[in-house]
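Undergrad: First the structure, then my questions, so here it is.
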Amino acid sequence: MKSKEFNIKLNSLSTEELQEMLVNTESELNKLKMNHKTAELENPLEIRFVRRNVARINTEIKKRELQNTTN
């Protein structure tokens, strides 16, 4: 999924869904890292994509928190 499509998807989710998605994505990242250390991954660049998705989710959550505090 491209980053713009992913960002559009994030905008449509509620804060609770974002929190749940963050937990799932972080666990996926941890699994990928562990598998990469123990064996060779088929696509090691997937770690980068998942890590960036975690950052995108965190950014969206932080943006919403800042909007709630200023309003």
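Undergrad: Provide, for the chain, the number of lysine pairs with alpha carbons under 29 Å apart, each pair being eight or more places apart or on different chains.
TA: 17
Undergrad: Sum -39500 (n - 2.57) across every DSSP H segment of at least 4 residues in the chain, then divide by the residue count to get the 222 nm mean residue ellipticity, nearest 500.
TA: Values: 3 runs with 60 residues, N = 71.
It lands at -29000 deg cm²/dmol.
Undergrad: What is the spin-label model distance, in nm, from Glu40 to Val54 if the labels are put 7 Å beyond Cα along the C-beta direction?
TA: If labels sit at Glu40 and Val54, their model points lie 2.5 nm apart.
Undergrad: Let me ask something additional. Measure nothing but the geometry: give the 0 to 90° angle between the long axis through the Cα atoms of 45-70 and the longest principal axis through the Cα atoms of the chain, rounded to 10°.
TA: For helix 45-70, the angle is close to 10 degrees.
Undergrad: Shifting gears a bit: Arranged from highest to lowest average of other beta-carbon atoms within 10 Å per residue, in what order do the peptides 45-55, 4-14 appear? Intermediate results must be reported in sequence, preceding the final value.
TA: On the way: 45-55: 14.2, 4-14: 11.8.
Most protected by this proxy first, the peptides run 45-55, 4-14.
Undergrad: So, one more: Between helix 15-38 and the chain, what is the angle of the helix's C-alpha long axis to the longest principal axis, kept within 0 to 90° and rounded to the nearest 10?
TA: For helix 15-38, the angle is close to 20 degrees.
Undergrad: To test your reading of the geometry: what angle, between 0 and 90 degrees and rounded to tens, separates the Cα axis of helix 3-12 from the longest principal axis of the chain?
TA: Approximately 50 degrees, to the nearest 10.
Undergrad: Contact order normalised by length for the chain, with contacts defined as Cα pairs under 8 Å and 6 or more residues apart; what percent is it? Before the final figure, lay out each step's value.
TA: On the way: 26 pairs, mean separation 29.7, N = 71.
42 percent.
Here, each number is a calculation from the coordinates, and none is a lab measurement. Because the structure is a prediction, the values reported are computed rather than measured. Note that we place each Cβ from the backbone using ideal geometry, even for glycine, and neighbour counts take in every protein chain shown.
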